[in-house]
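The values are calculated or read from the model by the stated rules, or taken from the named source; none is laboratory data. Note that this is a predicted model, so its numbers are computed, not measured. A quick note on method: Cβ atoms are made from the backbone with ideal geometry, for glycine too, and the neighbour counts reach across all protein chains shown. Protein only, heavy atoms only, side chains kept; ligands, DNA and RNA dropped before computing areas. Shrake-Rupley method; radii C 1.70, N 1.55, O 1.52, S 1.80 Å.
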Amino acid sequence: MADTKYIYAVARVRTHEKDLLDAGFMDQLAAAKDESSALKMLHEHGWGSEGMKAEEIFSQKEDETWAFMRELLGDISVFNVFFYKNDFHNLKAAIKESCIAGTHPGIFAARGTLDPKWIQEKIENRRFADLPESMSEVAKQATDTLLSTRDGQLCDILVDAGALRAIKKAGQASGNEILKQYGELTVASSDIKVAVRASRMGKSLDFMKMALVPCDTLDVKELGEAAARGEDAVYDCINRTPYHADVDILKKSMARFERRCDDRLIEAIRPQRHNSFGLGPLAAYVLATETEIRSVRIILSGKRNHFPEEYIRERIRLTYA
C-alpha cells in the first residue's frame with residue numbers, strides 16, 4: 001500500500017489517540033487506594049465494565065486494538081512482527097505438552113499468526129518441516145533437546161532465541177522504520193538481559209552462543225565472551241555500545257532496565273504523532289496501546305499485592321499520549 005493510501009487510516013488513528021491514557025491519569029491510577037478503586041477509574045475511561053477481571057479487560061483492549069487495525073487495513077500481516085512472540089510461546093507450550101505426561105489447559109496464547117492446535121499437531125506428529133521456515137529447525141532442536149535432556153530451561157532458551165530471530169527478520173523485512181526499531185530494540189534488550197543474568201549464574205560461553213541473537217547495535221560475540229567472564233565484564237562491554245547509559249540502571253534493578261527498554265521505544269515512536277503519512281502512525285498506535293496495557297497491568301498487580309506506591313511508580317512506562 002502506497003504511503004498516500006494511509007492518509008485516511010492515519011486520520012482515524014488520530015481520533016483514537018485521544019482515548020489513550022496520559023501520564024496524569026497513570027499518576028492518579030498509581031495513587032488509587034486499592035485495586036477496586038483503580039478498576040473503577042479505568043471503567044470511567046472506557047476500560048471494561050464492572051465485574052470484569054483485570055486480565056479480561058486487558059484481553060478486551062487488545063482485541064479492540066487489532067479489530068481497529070483490521071478495519072483500517074484489512075490485511076494486518078505487516079504487523080506479524082508483534083505476533084511472533086505468541087507463535088513461539090505456543091511452540092514452546094506444544095513441545096512441552098508433547099514431551100511431558102498429562103494435559104495442561106490454558107497453556108496457549110491468543111493472537112498468534114498460527115493456530116496453536118495446528119502447531120501442537122505438527123509437534124506431536126514430528127512434522128517439523130510443515131512449520132514455517134523460521135520455526136521448523138528450532139522446533140526440532142528444542143524437542144530433541146527436551147526429550148534427551150529433560151532440561152526445560154534449555155528448551156526455552158532455544159525457542160526464545162528462535163522467536164527473537166523471527167522478530168528481527170520481520171522488522172527488517174517490513175520496510176517500516178518503526179517496525180525495524182521494534183525488532184532491533186526487542187533483540188538488543190533481550191541480549192543484554194540474558195548476558196547480565198547468565199553472568200550472575202556463571203553460565204558457559206556455549207550457553208551464550210545459544211541464547212544471544214545477533215542484532216545491529218550489539219556485538220553478541222563480544223557480549224557473550226564478556227558474560228562468560230563475569231558481570232563486570234558485561235558492564236564494560238555495554239559501556240562501548242549505544243546502551244552505555246543503561247549500565248547504572250542495570251546495576252540497580254533489572255525491572256528498571258525493562259522499563260527503560262519500553263521507554264526508549266516510546267521515545268522513538270513519539271514523532272509519529274506529527275506524521276500524516278505511511279504506516280508509522282499505525283505501528284506507533286499499536287505500540288502505544290501495548291505499553292499502556294503493560295503499565296496498567298503493573299499498577300493493578302501492585303495494588304492487588306499491596307506493594308508500596310513508590311515500587312509501583314518506578315515501573316510505570318512512559319505514555320505516548
Assess whether Glu267 counts as being closer than 26 Å to Val194 by Cα and within 18 Å of the chain's Cα centre (by Cα).
-> yes
Subset of the stretch 242-263, residues in contact (Cβ under 8 Å) with a residue 60 or more places away in the chain and more than 15 Å from Ile316 (Cβ to Cβ), comes to Met254
Among the residues of the stretch 241-274, write down those that are among the hydroxyl-bearing types (Ser, Thr, Tyr), at pLDDT 95 or above and either touching an Asp or Glu at 6+ places or on another chain (Cβ under 6 Å) or surrounded by fewer than 19 Cβ atoms within 10 Å (Cβ to Cβ) (or both).
-> Thr241
Residue pairs within 8 Å by beta carbon, gap of at least six or interchain, first lying in the stretch 110-132 and free of Cβ contacts under 8 Å to residues at least 60 places away in the same chain, second open to solvent by 90 Å² or more (accessible area, probe 1.4 Å) and outside any helix (DSSP H, G or I), listed first then second, are Glu121/Arg127
Candidate set: the stretch 183-215, residues that are more than 16 Å from Ser253 (Cα to Cα) and polar (S, T, N, Q); chosen: the one most open to solvent (accessible area, probe 1.4 Å) | Ser204
Out of the stretch 295-321, which residues are more than 23 Å from Glu17 (Cα to Cα) and either open to solvent by 70 Å² or more (accessible area, probe 1.4 Å) or among the hydrophobic types (A, V, I, L, M, F, W, C) (or both)?
-> Arg304, Asn305, His306, Phe307, Pro308, Glu309, Glu310, Tyr311, Ile312
Could you run through the stretch 39-53 and say how many residues are over 16 Å from Thr289 (Cβ atoms) and in contact (Cβ under 8 Å) with a residue 40 or more places away in the chain?
-> 1
Among the residues of the stretch 78-128, which ones are at pLDDT 95 or above and on the phi > 0 side of the Ramachandran plot?
-> Arg126
Over 22 Å from Asn90 (Cα atoms) and open to solvent by 20 Å² or more (accessible area, probe 1.4 Å): does that describe Leu179?
-> no
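Residues that are β-branched (Val, Ile, Thr) and open to solvent by 50 Å² or more (accessible area, probe 1.4 Å): find the helices (runs of 4 or more DSSP H) completely inside the stretch 1-116 holding 2 or more of those.
Those helices (runs of 4 or more DSSP H) span 7-17.
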Name the residues in the stretch 130-147 that are open to solvent by 10 Å² or more (accessible area, probe 1.4 Å), within 18 Å of Arg165 (Cα to Cα) and either modelled with pLDDT under 95 or in a helix (DSSP H, G or I) (or both), would you?
-> Glu133, Ser134, Ser136, Glu137, Val138, Lys140, Gln141
